[in-house]
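The following block contains the structure, expressed as C-alpha cells.
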C-alpha cells in the first residue's frame, strides 16, 4: 500500500516542470484568506511567508489527492510516514522562493492574463460559459476572498512564466539520448556451462592436526560460543493469570451468540461458470453434456477456456446474484446446472463440490469460549498487577521480595544468547532485546509483551563470547575446512577455464572435457532478468567483447558455478519515437536539475526559516482529511 501511494505522490520539481504549479492554486487547492487565522507562518524565504493556513490547506489537499489515487482514506499519521508533509513544505518553500525572485525583479502577471485564466477554468463555467455567480459561490465555499484568490492566480501565472524561462533551453549533453538508447536496448546472448563442487572440485584430502588447529583459530566467527546472559525475572503471564478467572455461563452464551458467523457456516459450493451469447447455444451445450457427448472440461477446451478462467471459487448462496444462486444451490447433487440468464449472457454452472452447512453446538464451542473470556479478563487485570510490581520496586523491593509478596513465580534465564528461540518468555524478541540492553546487575523497567502481559528482569551474569575448544567442535571444523577447500578449488578451476576461453578455446571443447552440456540464454537486455547468471556477471557479460568469458556462483544454487561466454551482441533497432522520448525525458531532467540548483542558491541567498514548533503543533492537531 505504502509503495503505491509513494508512487502516486510527485515531487515539487516534477509538479513545476509539468505545469502543475498553476493547478495547485485552483479552487480546491491552496487558500490565502481564511476565516480562522492562525496568525503565524510555518516557513519564510526572504520577505515571503508560508502561512500556517496555506500549509494546512495544501497538506490536506495532498492527503485528499493521495486518498483518491489510492482508493481509500489516508490519515495524517500515514501521510507523515510517507513524507507528504515534507513534500508540501518543500514545494511551498520553492513557491516562496519564486515569489521572492519575482519581487526582486518586479515581475507580475497582467490583469488580462488573470482574467483569461479564471474565465477559462471549467470550475467556474455553466453551460460552457463563465458564470460569475458560480465563480463567487465556489470562491466563498472554499474559504477565499475574491481578491485573495485572484492574487494567488496572479502569483501562480507569474511563477509559471518564471519557471518556464528558467528551464528553457536546458538540454542533456549531445549524444546522451543515443547512448542511453543503446545501453537500454542492447541485447546479448550467452552460452554457458555449470560446474559443481561434487563433480568438478578437487578433493582436498585429509587435513593434519596443525592445519585443523590453524583453521579453527582463523575462523572464530564460525566456532565461537555466543555471548550468554543470565537473568532473573517476573512474568505477568496472560496464560497463567487466565487460569484463575471463573467464567459466567451467561457470558459464555452471549459470546457464542455473538459469534454466530463463526460457529454456523452456511453451505458452500465450488463453482465454475462458462457463458454463452445466446440461450440456444447454452441449451445445446447442456444437452450434449446430459447426453454424455462431452463433460464440462471438454466443453471448456472446445471454447478455449480452462478451469482457472471460469472459477467462481468456493461460495455461499449469498455471494451470488439471485438467478445464479438459485441455479447453483437448488441442484441436489454435483454436476452441471443451467442455462441461467446472468445479465451478461447465458451460463452453464458446474457444481464441482458441495460442502454442507455446519453448526458447531454451544457445548462443543464452550471450552474455546471459556478460554477467550478468561484471557480477556487476564488482559484487563494484567496492567494492575504490573502497576503493583512497579510500586513495590519504587519502594526498594527486590524481584525476589516482590515475587514472595505477590505470590508470583521468580523465573530464571540461564545461558540466553541473542539468537535464543525458546518457546517461553526467554525466546520473546522483546525479552532478548531488553536483556542484551542491560548492564550487569541492572534491574530493568517493566515491559509489555505483544499478548498483553508484562515482564521485568535483572541481569545477573554475562559470559562473553569465546572460541570453543577445538576438541568440542572438531567435526564442525573439519566439515567447514573441507567445504572451504572445495569451494576454493571450484573457483580456481573456473578461473583457469575462463583463461582458456579468453585465449580462444571453444566452450564446446571445455564442456566435452568436463562432461557437461552447453546451454544458451538470451538474447536479452541488461534489465530483462537472467536466470543462469548473477546480476554481477550480467554486467560483466555486457562489458565484454564477443567471445569474452566470465564466471560466477549460480543464482540460488549453492555449490554450483556458471561459466558464460558472449556469443551474440545485438544493437537495438533504430526507433525515432523512442529516441525522441528519451531526449525529452533527459531534457526535462536537465531542466529539473538546473531549476533545483537555481532555487537552492536563491534560498541560501534569501535565507530560509522553518518554524518547526508551529509545524509540529499543526500536524499533531489535525486529524487528516483523507476522505474523498
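The values are calculated or read from the model by the stated rules, or taken from the named source; none is laboratory data. If you're wondering where the values come from, they're calculated on a predicted model, not measured in any experiment. Counting neighbours? That spans all protein chains shown, and the Cβs are built from the backbone with ideal geometry, glycine included.
Among the helices (runs of 4 or more DSSP H) lying completely within the range 396-505, list those that include at least 3 residues that are loosely packed, with under 13 Cβ neighbours inside 10 Å.
399-406, 470-502
OK, next. Mind checking which residues of the range 111-152 are under 16 Å from residue 100 (Cα atoms) and surrounded by 18 or more Cβ atoms within 10 Å (Cβ to Cβ)?
152
Return only the number of the condition from (1) modelled with pLDDT of 85 or more; (2) in contact with a helix residue (DSSP H, G or I) (Cβ under 8 Å, 6 or more places away or on another chain); (3) exposed (fewer than 13 other Cβ atoms within 10 Å of the Cβ); (4) within 27 Å of residue 78 (Cα to Cα) that residue 575 does not satisfy.
It fails just one condition, (4).
Go through the range 374-389 and give me each residue that's over 36 Å from the mean Cα position of the chain (by Cα) and either crowded, with 19+ Cβ neighbours inside 10 Å or touching a residue at least 12 places away in the same chain (Cβ under 8 Å) (or both).
Taking the range 374-389 as the starting set, the residues that turn out to be over 36 Å from the mean Cα position of the chain (by Cα) are 374, 377, 381, 384-389.
Result: 374, 377, 381, 385, 386, 388, 389.
Scan the range 28-74 for residues that are part of a loop (DSSP other than H, G, I, E, B), modelled with pLDDT of 80 or more and in contact with a helix residue (DSSP H, G or I) (Cβ under 6 Å, 6 or more places away or on another chain) and jot them down.
If the condition is that a residue be part of a loop (DSSP other than H, G, I, E, B), modelled with pLDDT of 80 or more and in contact with a helix residue (DSSP H, G or I) (Cβ under 6 Å, 6 or more places away or on another chain), then 46, 74 are the ones that fit.
Can I ask one more? Could you name every one of the helices (runs of 4 or more DSSP H) located completely within the range 221-287 that has at least 3 residues being in contact (Cβ under 8 Å) with a residue 60 or more places away in the chain?
Hits in the range 221-287: 238-242, 249-258.
If you don't mind, there's one more thing I want to ask. Give the residue that is surrounded by the fewest Cβ atoms within 10 Å (Cβ to Cβ), with candidates limited to residues of the range 174-210 that are over 42 Å from the mean Cα position of the chain (by Cα) and within 27 Å of residue 553 (Cα to Cα).
Top of the filtered list is 205.
Follow-up. Determine whether residue 50 is buried (at least 19 other Cβ atoms within 10 Å of the Cβ), touching a residue at least 60 places away in the same chain (Cβ under 8 Å), closer than 25 Å to residue 162 by Cα and more than 25 Å from the chain's Cα centre (by Cα).
Here the answer is no, as residue 50 does not meet what is asked.
What pairs come out if I take residues in the range 312-338 that are in the same structural domain as residue 271 (by TED's automatic domain parsing) and modelled with pLDDT of 90 or more and pair them with residues that are surrounded by 18 or more Cβ atoms within 10 Å (Cβ to Cβ) and in a helix (DSSP H, G or I) whose C-beta lies under 8 Å away, six or more apart or interchain?
Hits for this filter: 336/286; 336/289; 336/296; 337/327; 337/328.
Can you tell me which of (1) modelled with pLDDT of 90 or more; (2) farther than 23 Å from residue 267 by Cβ is the one residue 277 doesn't meet?
That leaves (1) as the condition not met.
Among the listed residues 164, 120, 93, 115, which satisfies the condition of being at pLDDT below 90 and more than 30 Å from residue 505 (Cα to Cα)? Break it down into steps so the answer makes sense when it comes.
Working: 120 fails: at pLDDT below 90; 93 fails: at pLDDT below 90; 115 fails: at pLDDT below 90.
Exactly one of 164, 120, 93, 115 is at pLDDT below 90 and more than 30 Å from residue 505 (Cα to Cα), namely 164.
Then there is this: Residue check, residue 258 against (1) touching a strand residue (DSSP E or B) at 6+ places or on another chain (Cβ under 9 Å); (2) closer than 30 Å to residue 364 by Cα, all met but one. Which one?
Of the numbered conditions (1) touching a strand residue (DSSP E or B) at 6+ places or on another chain (Cβ under 9 Å); (2) closer than 30 Å to residue 364 by Cα, the odd one out for residue 258 is (1).
On the basis of being surrounded by 14 or more Cβ atoms within 10 Å (Cβ to Cβ) and farther than 12 Å from residue 351 by Cβ, does residue 305 make the cut?
Criteria met by residue 305.
So, one more: Looking at (1) more than 30 Å from residue 403 (Cβ to Cβ); (2) without any contact (Cβ under 8 Å) to a residue 12 or more places away in the chain, which one does residue 182 not meet, given that it meets all the others?
Here residue 182 clears every test but (2).
Here is a yes/no grid of residues against (1) at pLDDT 95 or above; (2) within 24 Å of residue 202 (Cβ to Cβ):
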residue	(1), (2)
504	no, no
511	yes, yes
526	no, no
531	no, no
535	no, no
554	no, yes
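Outside any loop (DSSP other than H, G, I, E, B) and more than 37 Å from the chain's Cα centre (by Cα), is that true of residue 104?
yes
Would you confirm whether any residue within the range 223-233 is surrounded by 20 or more Cβ atoms within 10 Å (Cβ to Cβ) and more than 19 Å from residue 465 (Cα to Cα)?
So far as the range 223-233 goes, yes, one or more of its residues are surrounded by 20 or more Cβ atoms within 10 Å (Cβ to Cβ) and more than 19 Å from residue 465 (Cα to Cα).
Identify all residues within the range 90-110 that are free of Cβ contacts under 8 Å to residues at least 12 places away in the same chain and under 12 Å from residue 157 (Cβ atoms); write none if there are none.
110
Related question: Just to be sure I understand, how many residues within the range 262-283 are closer than 15 Å to residue 360 by Cβ and in contact with a strand residue (DSSP E or B) (Cβ under 6 Å, 6 or more places away or on another chain)?
Summing the residues that are closer than 15 Å to residue 360 by Cβ and in contact with a strand residue (DSSP E or B) (Cβ under 6 Å, 6 or more places away or on another chain) in the range 262-283 gives 2.
Applying the selection to the range 399-440, what residues are out of contact with any helix residue (DSSP H, G or I) (no Cβ under 7 Å at 6 or more places or on another chain), touching a residue at least 40 places away in the same chain (Cβ under 8 Å) and more than 13 Å from residue 235 (Cα to Cα)?
Passing the criteria: 414, 415, 417, 419, 435, 436, 438.
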